[in-house]
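Every read-out reported here was derived from the displayed coordinates using simple, explicitly stated rules and does not represent laboratory data. Predicted, not measured: the structure shown is a model, and the values here were computed from it. Reconstructed Cβ throughout: ideal geometry from the backbone, glycine too, with neighbour counts over all protein chains shown.
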């Protein structure tokens, strides 16, 4: 791999990252998540000129000095508008005007598509049958009060279909019930809690470290290196990212660079999200306000 030189980085300017202080903590996490996506969606066999607009625009924005990629640029907004119009005219529009409830990791409101799937499974299991007019003709009484999750095929048994009666219980009562029931459900269904999160202590100082180590800047330089197949030395990283406070090459190699790469991974960003979820106001606070809490 060829070694990059300083003159390869005319696109990189520290002032382009001043937006970090003004975005919210949640938006900062989304910027990290975007870097993870770009690193692992990059097609090594194609240059950015060879792939479509949708596949290249986020990379190109960073490499032309526009690194706040979580919000769409004017050209992305225009592209999406033109695509939606084309989809409607061509009959390829798959969007729906029916409302959808928000979802979170591990929590998905059931869709009609899933209901129809479970209905098909239920019929195949003999839970109920329909007559020629589509009316219920038979319902096996054994299943009347049986929980769906305990009686479906193995490939569905990792899910629990739940009704949350919002008008019957307070949020605190519902959350308390789920907290008590989760270990019981896992035990009954043989689904232990997945060990996907690293054992890291996350706190306000973690976010301070992410900012002070300028991880977004480092990740964008390393992304450039990945896309253009040119190696960036640790001294160049130090020169570009920390011109006001040069870091020792050994510190870049052993601490700062590995920390930046870890910070964008899914397990790490999930830990960051868990932490801000515990503090209802932190996610909506600006990064500069969050840093001021520590000072």
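Couple of notes before you dig in:
- Taking 0.36 nm per residue of separation and subtracting the current Cα-Cα distance, fully stretching the chain between residue 166 and residue 72 would add 30.3 nm.
- Computed over the chain, the per-residue total of -39500 (n - 2.57) for DSSP H runs of n ≥ 4 gives a 222 nm mean residue ellipticity of -15000 deg cm²/dmol, rounded to 500.
- Here the simple spin-label model places points 7 Å from the Cα toward Cβ, and for residue 226 and residue 142 these points are separated by 5.2 nm.
- Added length on full extension, which subtracts the Cα-Cα distance from 0.36 nm per residue, residue 43 to residue 286: 84.1 nm
- Angle in degrees between helix 112-125 and the longest Cα principal axis of the chain, rounded to the nearest 10: 50 degrees
- Between 264, 125, 230, the GNM of the chain built on Cα springs shorter than 10 angstrom shows 125 fluctuating the most.
- GNM top mover of 282, 175, 274 - the chain, alpha-carbon springs below 10 Å: 175
- Förster radius 30 Å - calculated FRET efficiency between residue 278 and residue 158, Cβ distance, rounded to 0.05: 0.70
- For residue 150 and residue 101, a Förster radius of 30 Å and the Cβ-Cβ distance give a FRET efficiency of 0.75, rounded to the nearest 0.05.
- The alpha carbon gyration tensor of the stretch 111-160 gives principal lengths a ≥ b ≥ c with a/c of 1.5 or higher and a/b no greater than b/c, which makes the shape oblate.
- Full extension of the segment from residue 294 to residue 259, taken as 0.36 nm per residue of separation minus the current Cα-Cα distance, would add 10.5 nm.
- Considering only 172, 15, 250, the Gaussian network model of the chain with Cα springs below 10 Å gives its largest mean-square fluctuation to 172.
- 11 Å reach of a label modelled at residue 233, 7 Å along Cα-to-Cβ, counting backbone N of the stretch 1-33: 3-6
- Listed candidates (i) 25.0, 78; (ii) 19.6, 67; (iii) 24.3, 86 - label of the one calculated as Rg and Dmax of the Cα atoms in Å: (i)
- Contact order normalised by residue count of the stretch 111-160, Cα under 8 Å, 6+ apart, percent: 21 percent
- Relative contact order, whole percent, for the chain stands at 34, derived from Cα pairs under 8 Å and 6 or more residues apart.
- Compared with the dominant Cα axis of the chain, that is its longest principal axis, helix 266-278 is turned about 70°.
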